[in-house]
Amino acid sequence: MAGGGFSKLPNGSVVVAITLTGPTDGAGPGAPIRVLVHAVNRARALTRLRNLGLRAVYLRGNAEPPTPDEITAVLHHPDGVLWRARPERAQELWHPIRALLRPAVTAVTAGSPGPAGASVPGMRALPARRPA
């Protein structure tokens, strides 16, 4: 079961912090990760995580609420969803949730037209801009 908790902010919104098992590397279960979500209420915070593909995420109790540093980090991020691989190490920086969910891309595939129109597996092409 995942540990976690929440903090209600003065404006009525909440910050939910959940410790989950990270992605596996093929050798076994991954290391624990700490996920932070800023939302209007707890239910919407968990819905945001479920919509990102983390289906079995539940918050039971308030055993591990977010620290003031974690609240500051998630409030200053434009997406409002962050993660860190080692919750006990404060030296590691927070990452946007996109970095956790997308597959690792090390090189551009052969035959791609280059950085402007690169066809990398797992990434969508941005729509072309209309001239102003």
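Read the figures in this text as sums done on the coordinates, not as results from a lab. These figures come from a predicted structure and were not determined experimentally. Virtual Cβ from ideal backbone geometry, glycine too; neighbours counted across all protein chains shown.
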Rounded to one decimal in nm, the spacing of the 7 Å Cα→Cβ label points at Asn11 and Val40 is 1.4 nm
What nm value, rounded to one decimal, do you get for the distance between Asp69 and Ala99 when each label is placed 7 Å out toward the C-beta?
1.6 nm
Which order do peptides 55-66, 35-46, 72-83 fall in by mean Cβ count within 10 Å, highest first?
35-46, 72-83, 55-66
